[in-house]
Amino acid sequence: MKALIFAVISTLSIASPAFAEVTVNDAWVRATPGSTKITAAYATILNSGTADDVLTGIRTAIAGMAHLHSSTGKDGVMRMESIETLPVPAGKGVALTPGNYHVMIMDLKAPLKVGDEIPIIFTFENQGDVSVTAIVMPLNYSGASSDSGADHHSHN
Ligand SMILES: [Cu+2]
């Protein structure tokens, strides 16, 4: 009887996802000059679990609107478009970087100054809400490892 109970418990613990398999790392937001009400946030999403997940939404209390965007360069012209969901495959990382995926933040309630800490909530289909603190970086900042290429996480 005891053995049966243990068997049931261990089955349950395998079925339910481990805590925080999906994490959002190195989040940063670009500072805003003057009275600009638009900026963008970037981060690296890591899925260390064995199940695929999907980023389904982003929100922040500092602005009226935050939305996931992708950037594509076509014929030398950069275009941005809203995307509703972003797959985060099991065992992979997805980078939100300048010129690529990013969080478009609109209707800012106040200017963002370098060094400020901004709360952003990323919502995933399986993981649920992941709260992160994004650091406000200077206008010319382009990401922690944008030039080296040495320690890039794998991404699609
Ligand atoms: Cu955008």
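Scanning the range 33-52 for residues that are assigned to a strand (DSSP E or B) and within 16 Å of the ligand (Cβ to nearest atom), which turns out nearest to the chain's Cα centre (by Cα)? Even if it seems obvious, please write down each step before you answer.
Within the range 33-52, the first condition is being assigned to a strand (DSSP E or B), and the residues that meet it are 39-47.
So of that shortlist, the ones also within 16 Å of the ligand (Cβ to nearest atom) come out as 39-43.
Working: Thr39: 15, Ala40: 12, Ala41: 8, Tyr42: 7, Ala43: 5 Å.
The selected residue is Ala43.
Can you tell me which residue within the range 86-106, out of those that are in a strand (DSSP E or B) and within 10 Å of the ligand (Cβ to nearest atom), is surrounded by the most Cβ atoms within 10 Å (Cβ to Cβ)? Let's see the steps before the verdict.
Start the filter on the range 86-106 by keeping residues that are in a strand (DSSP E or B), which leaves 86-88, 93-96, 102-106.
Within this subset, residues satisfying the condition of being within 10 Å of the ligand (Cβ to nearest atom) are 102-106.
Numbers: His102: 21, Val103: 24, Met104: 17, Ile105: 26, Met106: 13.
If we take residues in the range 86-106 being in a strand (DSSP E or B) and within 10 Å of the ligand (Cβ to nearest atom), then Ile105 is surrounded by the most Cβ atoms within 10 Å (Cβ to Cβ).
From Leu55, Leu68, which residue is among the aliphatic types (A, V, I, L, M), under 12 Å from the mean Cα position of the chain (by Cα), away from the ligand (no atom under 14 Å from the Cβ) and on the phi < 0 side of the Ramachandran plot?
Numbers: Leu68 fails: away from the ligand (no atom under 14 Å from the Cβ).
Residue meeting the stated conditions: Leu55.
Being out of contact with any Cys (no Cβ under 8 Å at 6 or more places or on another chain), at pLDDT 95 or above and not acidic (Asp, Glu) narrows it down to one residue among Ala40, Ala3; which is it?
On inspection, the qualifying residue turns out to be Ala40.
Does Ser131 meet the test of being in a strand (DSSP E or B) and either at pLDDT 95 or above or within 20 Å of Pro33 (Cα to Cα) (or both)? Before the answer, list the steps.
On the way: in a strand (DSSP E or B): yes; either at pLDDT 95 or above or within 20 Å of Pro33 (Cα to Cα) (or both): yes.
Yes: the conditions hold for Ser131.
Would a scan of the range 71-85 turn up a residue that is modelled with pLDDT of 95 or more, surrounded by 14 or more Cβ atoms within 10 Å (Cβ to Cβ) and not basic (Lys, Arg)?
Taking every residue of the range 71-85 in turn, none turns out to be modelled with pLDDT of 95 or more, surrounded by 14 or more Cβ atoms within 10 Å (Cβ to Cβ) and not basic (Lys, Arg).
Given (1) of a type in the set (A, V, I, L, M, F, W, C); (2) free of Cβ contacts under 8 Å to residues at least 60 places away in the same chain; (3) closer than 16 Å to Trp28 by Cβ, identify the lone condition not met by Val136.
That leaves (2) as the condition not met.
The values are calculated or read from the model by the stated rules, or taken from the named source; none is laboratory data. No experiment lies behind these values; they were computed from the predicted model shown. In this analysis, Cβ positions are derived from the backbone assuming ideal geometry, glycine residues included, and neighbour counts consider all displayed protein chains.
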